[in-house]
2 protein chains.
Amino acid sequence: MTTRVVLATRNAGKVAELQRILAPYGVELLGLDDVAPYEPGPETEPTFAGNALGKAREAVRHTGLPAVADDSGVAVDALNGMPGVLSARWAGRQGDDRANLDLLLGQLADVPEERLGARFVCAAAAVLPDGQQVVVEGVLEGRLVREPRGTNGFGYDPVFVPAGQQRTTAELSAQEKDEISHRGQAFRALAPQLMAALSPKG
Amino acid sequence: MTTRVVLATRNAGKVAELQRILAPYGVELLGLDDVAPYEPGPETEPTFAGNALGKAREAVRHTGLPAVADDSGVAVDALNGMPGVLSARWAGRQGDDRANLDLLLGQLADVPEERLGARFVCAAAAVLPDGQQVVVEGVLEGRLVREPRGTNGFGYDPVFVPAGQQRTTAELSAQEKDEISHRGQAFRALAPQLMAALSPKG
């Protein structure tokens with residue numbers, strides 16, 4: 001048996017990732033466009049957790065269904081933890097992966113190697129129509145490289161090398177990435193709590 | 001009597017500002033191109049003070065003259081204090097004021113008003129051929145506005161409003177700006193120390 005849950009994102013890369021990650025838990029993810037096309041408000045919170053909760057709450061409000069959402073980004077040492085919550089609009093407009101990545105590399109051109117440490121962070125939130133909510137965070141430590149490599153994934157994957165790895169996250173297979181990724185960690189922690197909250201009370 | 005000091009910058013806006021600020025102290029500023037055209041190395045330090053000292057040391061090495069340098073930038077609350085030392089190359093390449101400013105406004109488009117707090121920071125350094133060095137910092141607190149205003153100054157001046165003011169620093173006259181600016185504060189603190197260090201010992 002599967003449980004229908006709305007995923008509050010229009011990012012196709014995230015939808016594909018989360019469908020893979022949540023399938024084993026019996027969660028059937030519905031895209032926003034499947035249930036209630038609405039224009040999501042801007043993400044204005046200073047934290048990943050705040051934005052993830054905000055997006056999930058908004059989806060519940062519009063659909064009446066249980067909703068999950070994530071807010072993710074890359075936090076770079078040399079940029080005091082930015083792009084952070086602005087990762088998806090780092091180049092000034094929403095969702096232009098290539099422009100965001102090119103800008104980041106340009107900003108870091110003169111930054112010494114030892115300050116290219118970075119981490120992928122994901123906050124995963126679930127909100128139920130009855131008002132229950134939970135949010136968890138996953139982190140993948142690593143470092144940036146100056147030359148993009150690989151074609152899997154999306155966003156900053158081509159320039160991010162996880163700690164202890166040689167390949168970028170865009171050079172990992174989907175399965176390899178899910179096992180270690182910030183989003184994999186966060187949603188595997190979230191899923192059991194979501195399913196428990198959704199199961200009929202005894 | 002004036003003392004000849006090299007100013008380690010190629011930024012024409014900074015040269016004009018610092019000539020105004022230092023003239024009363026009897027300092028005659030020479031531009032880099034006047035004394036020894038060399039290609040300044042990249043600014044790779046994580047702090048304004050580190051970069052200012054590095055630029056002044058480099059100028060002494062190339063010219064044998066006393067040198068002053070500054071490193072300045074804008075630190076924005078919503079960006080964890082960035083652009084910071086990357087202010088001049090925020091859009092990915094050095095010195096494109098308009099691109100830097102447009103990018104910053106794009107990044108902050110969805111950021112609420114209360115996190116548009118910002119400060120201009122300037123580290124001013126002096127280095128003498130005998131190895132003496134001093135570095136001081138000046139700060140101008142304020143906030144960003146979303147619509148550029150004014151044509152004076154340079155860099156982020158059109159979107160920065162000092163605390164207690166209504167006008168941007170690009171709407172202030174040169175004299176008004178010098179009186180309160182981060183650069184004015186820093187170089188007025190630096191100048192007496194520089195002159196004392198340069199004066200013949202008794």
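The values are calculated or read from the model by the stated rules, or taken from the named source; none is laboratory data. Keep in mind it's a predicted model, so treat the numbers as computed, not measured. Every residue, glycine as well, gets a Cβ built from its backbone with ideal geometry; the counts of neighbours run over all protein chains shown. Just so you know, the surface numbers come from the protein's heavy atoms only, side chains and all, with ligands and any DNA or RNA stripped out. Shrake-Rupley method; radii C 1.70, N 1.55, O 1.52, S 1.80 Å.
Residues of region B:47-68 include at least one that is open to solvent by less than 30 Å² (accessible area, probe 1.4 Å), of a type in the set (Val, Ile, Thr), in contact with a helix residue (DSSP H, G or I) (Cβ under 7 Å, 6 or more places away or on another chain) and in contact (Cβ under 8 Å) with a residue 60 or more places away in the chain. Out of B:Ala49, B:Ala23, one residue alone is modelled with pLDDT of 95 or more and of a type in the set (Gly, Ala, Ser). It is B:Ala49.
Note on region A:27-116: enclosed helices (runs of 4 or more DSSP H) holding 3 or more residues that are closer than 19 Å to B:Asp77 by Cα and away from chain B (no Cβ under 11 Å) are A:48-63. Selection of region B:144-156 for residues being on the phi > 0 side of the Ramachandran plot and surrounded by fewer than 17 Cβ atoms within 10 Å (Cβ to Cβ) yields only B:Gly150. Surrounded by fewer than 15 Cβ atoms within 10 Å (Cβ to Cβ), of a type outside the set (Gly, Ala, Ser) and part of a loop (DSSP other than H, G, I, E, B), is that true of A:Pro200? So A:Pro200 fits the description; yes. Taken over region A:157-177, the residue count meeting the criterion of being of a type outside the set (Gly, Ala, Ser) and either in contact with a Ser or Thr (Cβ under 6 Å, 6 or more places away or on another chain) or open to solvent by 20 Å² or more (accessible area, probe 1.4 Å) (or both) is 11. Checking each residue in region A:90-116 for being open to solvent by less than 30 Å² (accessible area, probe 1.4 Å) and in contact (Cβ under 8 Å) with a residue 40 or more places away in the chain picks out A:Asn100, A:Leu101, A:Leu104, A:Leu116.
When B:Arg119 is tested against (1) touching an Asp or Glu at 6+ places or on another chain (Cβ under 7 Å); (2) in a strand (DSSP E or B); (3) open to solvent by less than 40 Å² (accessible area, probe 1.4 Å), only condition (3) is not met.
In the condition set (1) assigned to a strand (DSSP E or B); (2) within 23 Å of A:Asn51 (Cα to Cα); (3) open to solvent by 10 Å² or more (accessible area, probe 1.4 Å), A:Ala125 is compliant with all but (3).
Selection within region A:76-89: residues that are at pLDDT 95 or above and among the hydrophobic types (A, V, I, L, M, F, W, C). The member of this set that is surrounded by the fewest Cβ atoms within 10 Å (Cβ to Cβ) is A:Leu86. In this entry, A:Gly73 passes the filter for residues that are closer than 26 Å to A:Pro158 by Cα and buried (at least 22 other Cβ atoms within 10 Å of the Cβ).
Does A:Ala191 satisfy the condition of being closer than 30 Å to B:Leu105 by Cβ and open to solvent by less than 50 Å² (accessible area, probe 1.4 Å)? No; evaluated as a whole, the condition is false for this residue. Among the residues of region A:154-168, just one is part of a loop (DSSP other than H, G, I, E, B), touching a residue at least 40 places away in the same chain (Cβ under 8 Å) and under 12 Å from A:Arg119 (Cα atoms), namely A:Tyr156. Going by the conditions given, is B:Glu141 in contact with a Pro (Cβ under 8 Å, 6 or more places away or on another chain), of a type in the set (Asp, Glu) and either away from every other protein chain (no Cβ under 14 Å) or open to solvent by 10 Å² or more (accessible area, probe 1.4 Å) (or both)? Taking the combined requirement at face value, the residue satisfies it. Against the list (1) touching a Lys or Arg at 6+ places or on another chain (Cβ under 9 Å); (2) farther than 30 Å from B:His62 by Cα, the condition B:Tyr156 fails is (1). May I ask you to verify whether B:Val60 is within 16 Å of the chain's Cα centre (by Cα) and of a type in the set (Val, Ile, Thr)? Answer is no for this residue. Taking first residues from region B:125-152 that are more than 30 Å from B:Gly64 (Cβ to Cβ) and partners that are part of a strand (DSSP E or B) and open to solvent by 30 Å² or more (accessible area, probe 1.4 Å), the Cβ contacts under 9 Å between residues at least 6 apart in sequence or on separate chains come to B:Val139/B:Arg119; B:Leu140/B:Arg119; B:Glu141/B:Arg119; B:Gly142/B:Arg119.
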